[in-house]
1. Please report, as a whole percent, how much of the solvent-accessible surface of region 1-111 comes from carbon and sulfur atoms (probe radius 1.4 Å).
2. At 1.4 Å probe size, with every protein chain present, just tell me what the per residue accessible area of region 9-191 comes to in Å².
3. What is the calculated FRET efficiency for M81 to R25, with r their C-beta to C-beta distance and R₀ = 22 Å, to the nearest 0.05?
4. About the Cα centre, and with charges only on the beta carbon of Lys, Arg (+1) and Asp, Glu (-1), how big is the dipole of region 53-138? Nearest 20 debye, please.
5. Need the C-alpha centroid separation for region 1-70 versus region 161-182, integer Å.
6. Based solely on C-alpha atoms, express the radius of gyration and the Dmax of region 9-191 in angstrom.
7. Anyone know which of P15, P119, P129 comes out most mobile in the 10 Å Cα GNM of the chain?
8. Rounded to the nearest 0.05, what FRET efficiency do Q66 and Y174 give with R0 = 35 Å and r taken as the Cβ-Cβ distance? Could you check?
Amino acid sequence: MTKDFKGKLFVFSAPSGSGKTTIVRHLLAQERFNLEFSISATSREPRGKEIDGKDYYFISKDDFIQKIKKDEFLEWEEVYMNNFYGTLKTEVERIWSQGKHVIFDIDVRGGLRIKEKFPEETLAVFVKPPDINELLRRLKNRGEESEEKIAARIAKAPIELATAPMFDKVIKNYDLEVALQETEDLVDEFLGLSKN
Ligand code: 5GP
């Protein structure tokens, strides 16, 4: 255990369907980065092949509200009506105690809150999709949700896109290969691993 280790925090935020999860997974696969995924708590139902304790900690809405009252969250949001999502303080402690850096896949407000709380340690990255039609196409292709739920995600996109300038960096995910390379470069630089 590296008890006193204080690692870095990498926040990836974007409208749903922007490809941020693909980017986060790619970075997690790069061993030199020594990253560990911050598992959020959520009150929404598991989707597809999601696993409790791996993709999310799936908890009831009542449990979630209890944890808010007990001040157990670093940040939390009601991202969609009646669906709560949040980062437990214990997640960052868990990951840092393993001597690793934390990577977050969270909504824009949550991402900015992490940056506010850990300004020096955090690199906050906004992943920008080509346009809203492309978002809609990607969400439909995913085929995991009802039209109504997709519409709720799309409705939020313009507000989320407007927050891009508040992030440290913006990655345009127009071509996935390019976006992956650019993000790797950002992480290399923030960790001081880049050659130049
Ligand atoms: P999904 O339902 O697609 O898994 O996630 C919906 C949105 O909630 C995504 O934008 C996702 O990044 C965000 N989200 C996931 N975990 C957290 C969290 O811990 N805090 C906040 N603020 N947003 C989260």
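1. Numbers: 2740 of 5510 Å².
The C+S portion of the solvent-accessible surface of region 1-111 is 50 percent.
2. 51 Å²
3. Once the sixth-power term is evaluated, E becomes 0.20.
4. On the way: 15 positive and 17 negative charges, 20 e Å.
Dipole magnitude for region 53-138 comes out near 100 debye.
5. That distance is 19 Å.
6. In Å, with Rg to one decimal and Dmax whole: 15.7, 43.
7. Of P15, P119, P129, the most mobile in the Gaussian network model is P119.
8. The value I calculate is 0.25.
The values are calculated or read from the model by the stated rules, or taken from the named source; none is laboratory data. Only a predicted model underlies this, so the values are computations on that prediction, with no experimental measurement involved. With ideal geometry, Cβ positions are generated from the backbone for all residues, glycine too; neighbour counts draw on all protein chains shown. Protein only, heavy atoms only, side chains kept; ligands, DNA and RNA dropped before computing areas. Shrake-Rupley method; radii C 1.70, N 1.55, O 1.52, S 1.80 Å.
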